[in-house]
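A.B. asks: My questions will all concern the structure given below.
The values are calculated or read from the model by the stated rules, or taken from the named source; none is laboratory data. Not measured: the values here are computed from a predicted model. Here the Cβ positions follow ideal geometry from the backbone for every residue, glycine too, while neighbour counts run over all protein chains shown.
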Amino acid sequence: MNIRHLVTSIILMSTMVLQAQLQFVKEREHINLTDWVFNKGIVYNAQKADFNTSAWGKVKVPHTYSMDAIEEVGYFRGQACYRTIVHVPESMKDERVFIRFEGVGQEAQVFVNEKEVGNHMGGYSAFCYEITDVIKINEENLIVVKVSNAPNFKRIPVDDALFNHYGGIYRPVQIFSTPKSNISPTFHASSGVFVELKEINKDVAKIKVRTHISSTVDVKTAQLMYKIIDANKNTVAELVKPLNDLNGNLIITETFEINNPVLWNGRKNPHLYSIEILFSVGDTTDKVVQKFGLKTYEVDAAKGFFLNKEPYRLNGVCMHQEWKQSGPALLLEQHQKDMDMVDEIGATSLRLSHYQHSSITYQLADEIGLLVWAEIPFVHDYSGREGANAKQQLTELIIQNYNHPSIFVWGLWNEVRAYDSTDEPCVTLTKELNKLAHELDATRLTTSASDRGMESNMGNISDLQAWNKYYGWYYGEYQDMGTWLDDARKDYPHIALGISEYGIGGNIYQQDVTKLEKPSGNYFPEPEQNTYHEISWKIIQDRPFIWSTFIWNMFDFSVAGWNRGGIPNMNHKGLVTFDREVKKDVFYFYKAQWNQNEPTLYITSRRHVNRTYKLTPIKVYSNCEEVTLTVNGKKVSKIQKPEYHIFSWEDIELQPGKNTIMVSGQWRGKKQSDTCEWIFE
């Protein structure tokens, strides 16, 4: 069958660049599937080679068909279809061939040359299928993916009340090949290699390495070659293990000792080891490289979080993975920019809400030294029918991300409520998820995020519990956060207290605090967000027993149908705008608190340009030792470093018309300055 003459499509070139972010894909011959044709809506028989796609549009993967969730009122939730043609080169002959998707929202049915090769339910985890028997070497091959983001009560999340359920092939796709005897890439789409720390002291670390191998041919003799390399590229352990009489799937386990181990120590020293494993049979070799780190941690209800037996404050942010310009279909440079900003602000922890994020995010967290809360999208509501899918997604999250030293907890649920009893399906499911997490990973704790009280039907089933608290926004006053923490510490001394979310809305286009309409009105002034976080951070900083705190949210994000704070379809609680163009005032507040490796000197309320009061306060966030204020070229005064890095001047007189506000200071001997202009009318 000559597909070339039967379909209108794009011939995919065999370029080996940009998309293959995973090391165990990069090490193998691979093809990035970027060019597709696309059609929204139900399409019957689109997997057939002679199906006419002349009316379909051309798209680049990563791609989403749900930009209407951001740009319009209401969004399409239904089926769509993608098709591409790929030439599989002669070099993959006599090899095993696989296709791997890093993420498809929210369900996918995959066809290769008209044959269905697999179905996947769940919009955030990877999946991988062997296609050796259906692929044609040195010919053109038809790949068809039927996608759906339609509601499904058997799939988590069951509703989109808190974030959009985007549809599309919005993460990278590759075809790659291995020898007939390989380190398995189909064990839940993982690397097939798992490194577990068993014991550690200052002299030696003992690790167990599990390698999943697979062979479609009888093998008389083979060998696994291991090499462990530290961050300075020194070989610290190696082994050659002979194997005999292999066929099918096996798990090979080996134990290694690393002398004088260097700990993965968060932002202080995120030291990464690499393990290289070569599986050789005859003249063929399959290679997998995985990075890992060595750390211990514990949580003390009275003293907070400890990393490697030392107190370590988890000053964190939550993060969704979407941009205004492209939804969740992010390019590598967009992921990098997001993590650069998390790095810049000086966070020590990151909650990846509310689902499994792209693999590059965990990789960058490893390298920066962030402690990561990774979670599944068991969020807000339940149907009682999603249990199997929740367990599948938890399994994929853990197995696919097992070796990342940044991950320290597995999140089981967020704001799922059992109002009536402990016999509700969501409670039973949480207990099952907690058990499953420990079966899959004995080295990490579980956690969950509650918006209920200290005692609830869903509460304290996971190893750790944290609470989403929005005092002063949805209820109470800003200062009530401190009262709640102190009362909970007194009344429940055995429960470690964490804050999984805190924050309020802030619109950079709204600056008049007298017009505040909270929590669901249409005016969320940016300066009010500053006030909230100044108060909340003081409360948090003074209570080191809190095991974690996470600002909601690092970036503004879309919630289809919301109409609050002056911009439709938007949650405005981010520290950075949805398009990543503006770091809000409060970003610099936290940077001044958390990041002592870079200078911060920033005039707040700078976007409140037009002023109607002659006397105005001026507030500056800075980690300089002292700051001098100059207004219209005249020095006002110098302030020595105050508590919480907030420099304030009251009743500064403005002249009619344009006013130039300048602050200056020194940071580690280097001059710093910031300037803005205000107009007094």
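A.B. asks: Within the stretch 425-442, track down each residue that is under 15 Å from R385 (Cβ atoms) and among the hydroxyl-bearing types (S, T, Y).
C.D. replies: T428
A.B. asks: Tell me which residues, restricted to the stretch 637-651, are part of a strand (DSSP E or B) and crowded, with 17+ Cβ neighbours inside 10 Å. Can you show your working first?
C.D. replies: Here is the first cut: in the stretch 637-651, the ones part of a strand (DSSP E or B) are 637-640, 646-651.
Correct list: I639, I646, F647, W649.
A.B. asks: Within the stretch 194-224, work out how many residues are out of contact with any Phe, Trp or Tyr (no Cβ under 8 Å at 6 or more places or on another chain), aliphatic (A, V, I, L, M) and under 30 Å from K295 (Cβ atoms).
C.D. replies: Of the residues in that region, 4 qualify.
A.B. asks: Which members of the stretch 652-674 meet the condition of being surrounded by fewer than 16 Cβ atoms within 10 Å (Cβ to Cβ) and touching a Lys or Arg at 6+ places or on another chain (Cβ under 9 Å)?
C.D. replies: Matches in the stretch 652-674: E653, Q655, P656.
A.B. asks: Quick one: which residue in H354, H380, H404 is modelled with pLDDT under 95 and either over 22 Å from the mean Cα position of the chain (by Cα) or in the same structural domain as Q321 (by TED's automatic domain parsing) (or both)? Let's see the steps before the verdict.
C.D. replies: Values: H354 fails: modelled with pLDDT under 95; H404 fails: modelled with pLDDT under 95.
Criteria check complete, one pass: H380.
A.B. asks: Follow-up. Cβ contacts < 7 Å: first residue at positive phi and outside the structural domain of A592 (by TED's automatic domain parsing), restricted to the stretch 517-544; second residue surrounded by 23 or more Cβ atoms within 10 Å (Cβ to Cβ) and aromatic (F, W, Y), any location; separation 6+ or different chain. Result?
C.D. replies: No pair meets every condition.
A.B. asks: Follow-up question, since we're still on this one. Could you list, in sequence order, the residues of the stretch 178-204 that are of a type outside the set (A, V, I, L, M) and surrounded by fewer than 23 Cβ atoms within 10 Å (Cβ to Cβ)?
C.D. replies: Correct list: P179, K180, T186, F187, H188, F194, E196, K198, E199, N201, K202, D203.
A.B. asks: Residue by residue through the stretch 109-119, note down the ones that are buried (at least 22 other Cβ atoms within 10 Å of the Cβ) and in contact with a Phe, Trp or Tyr (Cβ under 7 Å, 6 or more places away or on another chain).
C.D. replies: Step one: of the stretch 109-119, the residues buried (at least 22 other Cβ atoms within 10 Å of the Cβ) are 110, 112.
Passing the criteria: only V110.
A.B. asks: Now, a different point. How about the stretch 94-109: which of its residues are of a type in the set (D, E) and closer than 27 Å to I156 by Cα?
C.D. replies: First pass over the stretch 94-109, keeping only residues of a type in the set (D, E): 94-95, 102, 107.
Matches in the stretch 94-109: E102, E107.
A.B. asks: Only one of (1) out of contact with any Ser or Thr (no Cβ under 7 Å at 6 or more places or on another chain); (2) under 30 Å from Q655 (Cβ atoms) is not met by A592, so which one is it?
C.D. replies: (1) is the only condition that A592 fails.
A.B. asks: Any residue at all in the stretch 361-380 that is free of Cβ contacts under 8 Å to residues at least 60 places away in the same chain, over 25 Å from I399 (Cβ atoms) and of a type in the set (S, T, N, Q)?
C.D. replies: No, the stretch 361-380 contains no residue that is free of Cβ contacts under 8 Å to residues at least 60 places away in the same chain, over 25 Å from I399 (Cβ atoms) and of a type in the set (S, T, N, Q).
A.B. asks: Can you tell me which condition T430 does not meet? The list is (1) in contact (Cβ under 8 Å) with a residue 12 or more places away in the chain; (2) part of a loop (DSSP other than H, G, I, E, B), and all the others hold.
C.D. replies: Result: T430 fails condition (2) only.
A.B. asks: Being charged (D, E, K, R) and in contact with a helix residue (DSSP H, G or I) (Cβ under 9 Å, 6 or more places away or on another chain) is the filter; apply it to the stretch 454-476 and report the residue that is nearest to H533 (Cα to Cα). Don't jump to the end; show me each part of the working.
C.D. replies: Going through the stretch 454-476, the residues charged (D, E, K, R) turn out to be 455, 463, 469.
From the residues that got through so far, the ones that are in contact with a helix residue (DSSP H, G or I) (Cβ under 9 Å, 6 or more places away or on another chain) too are 463, 469.
Details: D463: 29, K469: 13 Å.
If we take residues in the stretch 454-476 being charged (D, E, K, R) and in contact with a helix residue (DSSP H, G or I) (Cβ under 9 Å, 6 or more places away or on another chain), then K469 is nearest to H533 (Cα to Cα).
A.B. asks: Output the number of the condition that K154 fails; it satisfies all remaining conditions of (1) over 30 Å from P405 (Cβ atoms); (2) at pLDDT below 95; (3) not aromatic (F, W, Y).
C.D. replies: Every listed condition holds for K154 apart from (2).
A.B. asks: Hey, another quick one. Go through V299, V342, V288, V317 for me and flag whichever is outside any strand (DSSP E or B), β-branched (V, I, T) and touching a residue at least 24 places away in the same chain (Cβ under 8 Å). Outline the logic, then answer.
C.D. replies: Working: V299 fails: outside any strand (DSSP E or B); V288 fails: outside any strand (DSSP E or B); V317 fails: outside any strand (DSSP E or B).
One residue alone meets the criteria, V342.
A.B. asks: Being assigned to a strand (DSSP E or B) and in contact with a Phe, Trp or Tyr (Cβ under 6 Å, 6 or more places away or on another chain) is the filter here, so list the residues in the stretch 624-636 that pass it. Walk me through how you get there before you give the answer.
C.D. replies: The first filter runs over the stretch 624-636 and keeps only residues assigned to a strand (DSSP E or B), leaving 626-631, 634-636.
Residues satisfying the conditions are V627, L629.
A.B. asks: Let me ask something else about it. Out of the residues in the stretch 156-174 meeting the condition of being among the aromatic types (F, W, Y) and crowded, with 24+ Cβ neighbours inside 10 Å, tell me which one is nearest to D68 (Cα to Cα).
C.D. replies: Y166
A.B. asks: Name the single residue, out of those in the stretch 51-72 being among the aliphatic types (A, V, I, L, M) and either in contact with an Asp or Glu (Cβ under 9 Å, 6 or more places away or on another chain) or not assigned by TED's automatic domain parsing to the domain that holds Y170 (or both), that is farthest from R83 (Cα to Cα). Give the derivation first.
C.D. replies: We begin by selecting, within the stretch 51-72, every residue among the aliphatic types (A, V, I, L, M); these are 55, 59, 61, 67, 69-70.
Cutting the leftovers down to either in contact with an Asp or Glu (Cβ under 9 Å, 6 or more places away or on another chain) or not assigned by TED's automatic domain parsing to the domain that holds Y170 (or both) gives us 59, 61, 69-70.
Working: V59: 10, V61: 11, A69: 24, I70: 25 Å.
By that ranking, first place goes to I70.
A.B. asks: For the stretch 553-564, give me the residue count where each residue is out of contact with any Leu (no Cβ under 8 Å at 6 or more places or on another chain) and surrounded by fewer than 24 Cβ atoms within 10 Å (Cβ to Cβ).
C.D. replies: So the first thing to find is which residues in the stretch 553-564 are out of contact with any Leu (no Cβ under 8 Å at 6 or more places or on another chain), and the list is 556-558, 560-564.
Narrowing the set further to residues that are surrounded by fewer than 24 Cβ atoms within 10 Å (Cβ to Cβ) leaves 560-564.
The total comes to 5.
A.B. asks: Being touching a Ser or Thr at 6+ places or on another chain (Cβ under 8 Å) and either part of a loop (DSSP other than H, G, I, E, B) or surrounded by 15 or more Cβ atoms within 10 Å (Cβ to Cβ) (or both) is the filter here; which residues of the stretch 231-243 pass it? Walk me through it before giving the result.
C.D. replies: Let us first name the residues in the stretch 231-243 that are touching a Ser or Thr at 6+ places or on another chain (Cβ under 8 Å), namely 242-243.
L243 - this is the single residue of the stretch 231-243 that is touching a Ser or Thr at 6+ places or on another chain (Cβ under 8 Å) and either part of a loop (DSSP other than H, G, I, E, B) or surrounded by 15 or more Cβ atoms within 10 Å (Cβ to Cβ) (or both).
A.B. asks: Out of Y382, Y402, report the one residue that is touching a Cys at 6+ places or on another chain (Cβ under 6 Å) and not in a strand (DSSP E or B). Working first, answer last.
C.D. replies: On the way: Y402 fails: touching a Cys at 6+ places or on another chain (Cβ under 6 Å).
When all the criteria are applied, what remains is Y382.
A.B. asks: Follow-up question, since we're still on this one. Need the failing condition index for A150 against (1) crowded, with 19+ Cβ neighbours inside 10 Å; (2) on the phi < 0 side of the Ramachandran plot; (3) not aromatic (F, W, Y), just the number.
C.D. replies: (1)
A.B. asks: Check N530 against each of (1) over 23 Å from the mean Cα position of the chain (by Cα); (2) surrounded by fewer than 22 Cβ atoms within 10 Å (Cβ to Cβ) and name the one condition it does not meet.
C.D. replies: (2)
A.B. asks: Does D300 satisfy the criteria of being surrounded by 21 or more Cβ atoms within 10 Å (Cβ to Cβ), more than 30 Å from Y75 (Cα to Cα), in contact with a strand residue (DSSP E or B) (Cβ under 7 Å, 6 or more places away or on another chain) and acidic (D, E)?
C.D. replies: Values: surrounded by 21 or more Cβ atoms within 10 Å (Cβ to Cβ): no; more than 30 Å from Y75 (Cα to Cα): yes; in contact with a strand residue (DSSP E or B) (Cβ under 7 Å, 6 or more places away or on another chain): yes; acidic (D, E): yes.
It is false that D300 is surrounded by 21 or more Cβ atoms within 10 Å (Cβ to Cβ), more than 30 Å from Y75 (Cα to Cα), in contact with a strand residue (DSSP E or B) (Cβ under 7 Å, 6 or more places away or on another chain) and acidic (D, E).
A.B. asks: Return yes when Q223 is touching a residue at least 24 places away in the same chain (Cβ under 8 Å), of a type in the set (S, T, N, Q) and assigned by TED's automatic domain parsing to the domain that holds K40 and no when it is not. Spell out the reasoning first.
C.D. replies: Details: touching a residue at least 24 places away in the same chain (Cβ under 8 Å): yes; of a type in the set (S, T, N, Q): yes; assigned by TED's automatic domain parsing to the domain that holds K40: no.
Considered against the rule, which asks whether it is touching a residue at least 24 places away in the same chain (Cβ under 8 Å), of a type in the set (S, T, N, Q) and assigned by TED's automatic domain parsing to the domain that holds K40, Q223 comes out as no.
A.B. asks: Can you list residue pairs whose Cβ atoms sit under 6 Å apart, with the first residue in the stretch 653-671 being among the small types (G, A, S) and the second being surrounded by fewer than 19 Cβ atoms within 10 Å (Cβ to Cβ)? Count only pairs 6 or more apart in sequence or on different chains.
C.D. replies: Final answer for the pair search is S664/T628; S664/S673; G665/E626; G665/Q672.
A.B. asks: Here is a follow-up. If the requirement is being of a type in the set (A, V, I, L, M), within 17 Å of R210 (Cβ to Cβ) and crowded, with 18+ Cβ neighbours inside 10 Å, which of these qualifies: I251, I228? Step through it out loud before you land on a result.
C.D. replies: Working: I251 fails: crowded, with 18+ Cβ neighbours inside 10 Å.
None of the other options fit; the residue is I228.
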